Amino acid sequence: MNKYKLGAILELIRRQGKLPTDQWGEVLRPDELLIWFGLNDLLNLEEEIILKGELALMAEAEIFMDRLRCQNA
């Protein structure tokens, strides 16, 4: 995947704030996030796999930071 394309997509997602969650407050799964952001029909299979990995990492980091903020509150 073109690193600039990947960077632009991730920046677009980051600018929207926290990742979307389900009704229980859990961050959506990477495949659901692709649909949420309208990317499921724009990427080829290789790009989807790469982006899903990046979204999973973003979700992990966001969950960690939320826990850290709660711990320090």
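FYI, it's all coordinate maths here, none of it is from the lab. If you're wondering where the values come from, they're calculated on a predicted model, not measured in any experiment. A quick note on method: Cβ atoms are made from the backbone with ideal geometry, for glycine too, and the neighbour counts reach across all protein chains shown.
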Inset, instruction - Identify which of Ile35, Ile49, Ile63 has the largest mean-square fluctuation in a Gaussian network model of the chain, with springs joining Cα atoms closer than 10 Å. - result: Ile35
Inset, instruction - Note down the net charge around Asn40, summing +1 for each Lys or Arg and -1 for each Asp or Glu among other residues with Cβ under 10 Å from its Cβ. - result: -4
Inset, instruction - Note the full-extension length gain between Met65 and Glu11 as 0.36 nm times their separation in residues minus their Cα-Cα distance, in nm to one decimal. - result: 17.6 nm
Legend entry - Kirkwood hydrodynamic radius (C-alpha pairs) into Stokes-Einstein, the chain, 25 °C and 0.890 mPa s, D in µm²/s: 189 µm²/s
